[in-house]
Amino acid sequence: MARYLFKLSYTVEGMRGVMKEGAASRRAFIADLAERNGGRLETFDFAFGETDLYTVVELPNHETAAAIATAVAASGTGSIETVVLLTPEEIDSATKLQVGYRPPGQ
């Protein structure tokens, strides 16, 4: 399964919702959402700064991750950035692929 880092910045409305429901309730909801979509929640952390929430979720595929990110964005309660995470073994495998890249001017 693929792993994804979701970075969420809440709108004022979204943060009011977190304050009303509670942060632990939000974590439980996201864990359940991941499980209902064939995955699992790995981490769920609030933070200071521009990004309010960092969460790592294991999901079956990119389509599922995109569907979740799209639903979050469409809710209007925050903006979301999705980062596909790769294991060291996946990078090792990728470095062995010959892709035929040529830098400009060479």
Self-check item: One residue from Gly49, Gly105, Gly39, Gly100 being of a type outside the set (Ser, Thr, Tyr) and in contact with an Asp or Glu (Cβ under 8 Å, 6 or more places away or on another chain)
Solution: Gly39
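Residue by residue, here is whether (1) touching a strand residue (DSSP E or B) at 6+ places or on another chain (Cβ under 9 Å); (2) among the β-branched types (Val, Ile, Thr); (3) over 16 Å from Tyr4 (Cβ atoms) holds:
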site: Glu42; (1), (2), (3): yes, no, no
site: Thr51; (1), (2), (3): yes, yes, no
site: Val57; (1), (2), (3): yes, yes, no
site: Glu63; (1), (2), (3): no, no, no
site: Ile80; (1), (2), (3): yes, yes, no
site: Asp92; (1), (2), (3): no, no, yes
Self-check item: In region 44-72, the residues that are closer than 16 Å to Val18 by Cα and surrounded by 13 or more Cβ atoms within 10 Å (Cβ to Cβ)
Solution: Phe44, Phe46, Thr51, Asp52, Leu53, Tyr54, Thr55, Val72
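Counting only residues that are loosely packed, with under 15 Cβ neighbours inside 10 Å, over 22 Å from Glu63 (Cα atoms) and in contact (Cβ under 8 Å) with a residue 40 or more places away in the chain, which one in region 1-16 is nearest to the chain's Cα centre (by Cα)? Don't jump to the end; show me each part of the working.
Restricting attention to region 1-16, the residues satisfying the condition of being loosely packed, with under 15 Cβ neighbours inside 10 Å are 1, 11-13, 15-16.
Filter once more, keeping what is over 22 Å from Glu63 (Cα atoms): 11-13, 15-16.
When the remaining residues are screened for being in contact (Cβ under 8 Å) with a residue 40 or more places away in the chain, the result is 11, 13.
Working: Thr11: 17, Glu13: 21 Å.
Per the stated criteria, the residue is Thr11.
Taken together, the values in this text are just the output of simple stated rules run on the coordinates, not laboratory data. Predicted, not measured: the structure shown is a model, and the values here were computed from it. Quick reminder, even Gly has a Cβ in these numbers, built from the backbone with ideal geometry, and neighbours come from all protein chains shown.
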